[in-house]
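The values are calculated or read from the model by the stated rules, or taken from the named source; none is laboratory data. On a predicted model such as this, the values are computed, not experimentally measured, just so you know. Here the Cβ positions follow ideal geometry from the backbone for every residue, glycine too, while neighbour counts run over all protein chains shown.
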Amino acid sequence: MVGSRIMTSLSIDPQDTIAAIASAVGGGVGVIRISGSDAESILRRHFRPLPITLEPRKMIHGWWHDQDGTPVDEGLAVFMAGPRSYTGQDVVELQLHGGALSLTQSLAVCLAAGARRAEPGEFTRRAFLNGRMDLTRAEAIADLIGARTERALDAARELLRGRLYDLAMEVREAILRIRAELEVNIDFVDEEVPLVDPLGLARRAEELAGRLEELAETYVRGRLVRQGARVVLTGAPNAGKSSLFNALLGSARAIVTEVAGTTRDTVEESIEVHGVPVVLVDTAGLRDTPDRIEAEGIARTEAALATADLIVHVEDVSQAPLSSPPSNGAPRLLVASKADLTPTRVLDGAIAVSAVAGTGLSELRDAIADALGVGELSRGGLVIAHERHHEALVTAAGALRAASQGLASAAPPELVAVDVADATEALGGLVGLTTIEDVLDRLFASFCIGK
């Protein structure tokens, strides 16, 4: 647990009592969450029967009533007294029936009773501000909800368990010890106190920088696991792109004919490759054409290439080459399609695939994962998936490298202390010990309402 934060938004009063539907609408059970000083009062006014003394975290069966005393819905209520609650404030949760209209009417009772409709992420924001969780754990909640693959879910769980927080705080504590030893020389500069083992301090700073850099290097892979990748299929008309697209997808999503130029637009579908969510993009064949519609499709192919994380260029080895592989600086794989037919040429380094027979598809999936850098990514390990985390780690590591160089070259301790302080500040910002308000606004705005 981390200490209470005093920073609050100018537009959101953290002392307001807030309420929101905290579950997906339409299920068998719907949850309404209330947080703030009036949470218990709202519960007592509108939920019956209730005991005189509420026992925290004990479910109570009864009816939710509107301001006129009319029953609205039957369900369960639980009261959680602050600070031992999700937000650190008094919290009430109602478990009612999950119909959209019923939940909307039940929430309206809360709002009529004086609660304000919660902003996206406001419950978790309060949990952070009240010291119930650090900033990385708050981000993990959004990742957990939005995870599209098991590997993304694993990464979110590691973050929620506090793995990044623990490492950051461990390194930050080690940096503070270095800083304390530097302060001795700054405070007693007139006494000419010799610096305690400057080369030893330099080595310690280097080792800490190395730990942070090693974790920062997982960012590219972690980002793909969390956000996914765009893999664009390119090639000449009738090269077999749409057939390959359908084979990877496992369904006939794209139209396939023997007529060159059948695909006139980009077609996108989501698949999973080695635990990474992938948007697979089928495109129009690349060639010069007087057909205005086909030309527009080719222009859209070029636009899709600009956003590709990986290009899979498809060549029909039963025909002469008709196109040169495009490039946008992204990694590129070469696929020899229609491998079930008699080839007329050999493509060095190509993956032989037959969409009809299904051969080579597993090898292609492995190659896609390797090209994206996630082929050897083990499940359960800590990876960095947020740009904010990456920037903080890189900044802290760079400052430690600079401090190490200063110590090794006998730089004045005052100058070295500046670099050490920058490293401390970067890690403090990572976990939310020192966080500016606009960072919180951007972060929690990405949450769903009720979280």
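Only one of the numbered conditions (1) under 16 Å from S106 (Cβ atoms); (2) among the acidic types (D, E); (3) out of contact with any strand residue (DSSP E or B) (no Cβ under 8 Å at 6 or more places or on another chain) is violated by D73, and that is (3).
Regarding the stretch 249-267, can at least one residue be identified that is at pLDDT below 90, in a helix (DSSP H, G or I) and not β-branched (V, I, T)? Yes, because at least one residue in the stretch 249-267 is at pLDDT below 90, in a helix (DSSP H, G or I) and not β-branched (V, I, T).
Here D441 passes the criteria (1) surrounded by 22 or more Cβ atoms within 10 Å (Cβ to Cβ); (2) at pLDDT below 90 except the one numbered (1). Just name the residue that is nearest to N238 (Cα to Cα) out of those in the stretch 278-311 that are of a type in the set (D, E) and modelled with pLDDT of 80 or more. Only one residue tops the list, namely D282.
Annotation: A142 fulfils all but one of (1) of a type in the set (A, V, I, L, M, F, W, C); (2) closer than 30 Å to H274 by Cβ; (3) in contact with a helix residue (DSSP H, G or I) (Cβ under 7 Å, 6 or more places away or on another chain); the unmet one is (3). Of the helices (runs of 4 or more DSSP H) contained entirely in the stretch 111-185, those carrying at least 1 residues that are surrounded by fewer than 18 Cβ atoms within 10 Å (Cβ to Cβ) and among the charged types (D, E, K, R) fall at 150-160.
The set of residues in the stretch 406-432 that are in contact (Cβ under 8 Å) with a residue 40 or more places away in the chain and assigned to a loop (DSSP other than H, G, I, E, B) comprises A410, G432.
For first residues located in the stretch 77-92 and at negative phi and among the charged types (D, E, K, R), partners that are part of a loop (DSSP other than H, G, I, E, B) and buried (at least 21 other Cβ atoms within 10 Å of the Cβ) and lie 6+ apart or on another chain with Cβ distances below 7 Å form the pairs D90/G36.
Step by step: first the residues of the stretch 319-332, then only those that are modelled with pLDDT of 75 or more and outside any strand (DSSP E or B), then the one that is surrounded by the fewest Cβ atoms within 10 Å (Cβ to Cβ). Which residue is that? Here the answer is G329.
Given the structure, is T70 of a type in the set (S, T, N, Q), exposed (fewer than 15 other Cβ atoms within 10 Å of the Cβ) and either out of contact with any Phe, Trp or Tyr (no Cβ under 9 Å at 6 or more places or on another chain) or within 23 Å of I145 (Cα to Cα) (or both)? Considered against the rule, which asks whether it is of a type in the set (S, T, N, Q), exposed (fewer than 15 other Cβ atoms within 10 Å of the Cβ) and either out of contact with any Phe, Trp or Tyr (no Cβ under 9 Å at 6 or more places or on another chain) or within 23 Å of I145 (Cα to Cα) (or both), T70 comes out as yes. Is it the case, given these coordinates, that H389 is in the same structural domain as A205 (by TED's automatic domain parsing), touching a Ser or Thr at 6+ places or on another chain (Cβ under 8 Å), at pLDDT 85 or above and not in a loop (DSSP other than H, G, I, E, B)? Yes.
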